[in-house]
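Here's the structure we're looking at; comments come further down.
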Amino acid sequence: MSNLRKQILSKTLPPIGPSSKKLSLDNQKKSPSSIRNYTPIEWNTYFDDKRFITIDKNTFCLYSRHTNDSLSPVLFFLHGGGFSGLSWAVLSKAVTNLVQCQCIAIDIRGHGETKTTDENDLRIETITNDVCQILHYLYQEDNKPPIFLIGHSMGGALAVHVAKECPSMINALCVIDVVEGKTNIIFSKDIFEYLEF
């Protein structure tokens, strides 16, 4: 959930409902099969690792699934606005069970557990710079695995900008349900000059 959304919801949410004691009495009356469990599933159900990296006083949260081969391809996921890297949890687990690859999903600035000096600075230039810095922090250009940058919605728009700004780090680009706007200007055939196929 984005920082802005948290602020809005904290001011507009209705008061807390009935006490948990009343809820537990109501649940006792229902059969066990009719009770739904909405307990959150922990990140480590899907990912092998959750870590924080600090770059220029900004701390970014990264979730990952590994292989024994550090040079196996990396699927580097960028989530949509208002979400987090956990949006890619189920897909990351499923794809790494099918093929040998690594998955990394980050919490973009202002989202999830990432903490930055300015949580509300979501300008495309700022978050593009964040992702490029993370890529350079994790990998050396001359000895990196193939990196497939995958973005959904806002993350798709961001992925296009990242591919343009640090093309030597990206081997392939996938955008899913990308947002409209300035992305269309960049997402032209010129972007393909930056990628190796």
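The values are calculated or read from the model by the stated rules, or taken from the named source; none is laboratory data. Nothing here was measured: the structure is a model prediction, and the numbers come from that model. As a convention, Cβ positions derive from the backbone with ideal geometry for all residues, glycine included, and neighbour counts pool all protein chains shown.
Here is how the numbers come out for the structure above:
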quantity: Criterion violated by THR128 - all others in (1) out of contact with any His (no Cβ under 8 Å at 6 or more places or on another chain); (2) of a type in the set (Ser, Thr, Tyr); (3) more than 20 Å from PRO40 (Cβ to Cβ); (4) in contact (Cβ under 8 Å) with a residue 12 or more places away in the chain satisfied; calculated: (1)
quantity: Test: residue in the range 62-77 that is closer than 22 Å to SER153 by Cα and out of contact with any strand residue (DSSP E or B) (no Cβ under 6 Å at 6 or more places or on another chain); calculated: no
quantity: The lone exception for GLU119 - which of (1) surrounded by fewer than 17 Cβ atoms within 10 Å (Cβ to Cβ); (2) farther than 18 Å from ASP177 by Cα; (3) modelled with pLDDT under 95 it fails; calculated: (1)
quantity: Matching residues, the range 115-155, being closer than 22 Å to VAL95 by Cβ and among the β-branched types (Val, Ile, Thr); calculated: VAL131, ILE134, ILE147, ILE150
quantity: Total residues in the range 27-60, condition loosely packed, with under 14 Cβ neighbours inside 10 Å and either in contact with a helix residue (DSSP H, G or I) (Cβ under 8 Å, 6 or more places away or on another chain) or modelled with pLDDT under 95 (or both); calculated: 18
quantity: Residues (closer than 23 Å to THR126 by Cβ and either loosely packed, with under 14 Cβ neighbours inside 10 Å or among the hydroxyl-bearing types (Ser, Thr, Tyr) (or both)) located in the range 61-91; calculated: TYR63, SER84, SER87
quantity: Of all residues in the range 164-185 being of a type outside the set (S, T, N, Q) and over 19 Å from GLY81 (Cα atoms), the one that is modelled with the lowest pLDDT; calculated: ILE185
quantity: Wholly enclosed strands (runs of 3 or more DSSP E) of the range 27-134 bearing at least 2 residues under 12 Å from the mean Cα position of the chain (by Cα) and within 28 Å of PRO167 (Cβ to Cβ); calculated: 58-65, 74-78, 102-106
quantity: Residue tally, condition over 16 Å from CYS61 (Cα atoms) and modelled with pLDDT of 95 or more, over the range 129-143; calculated: 1
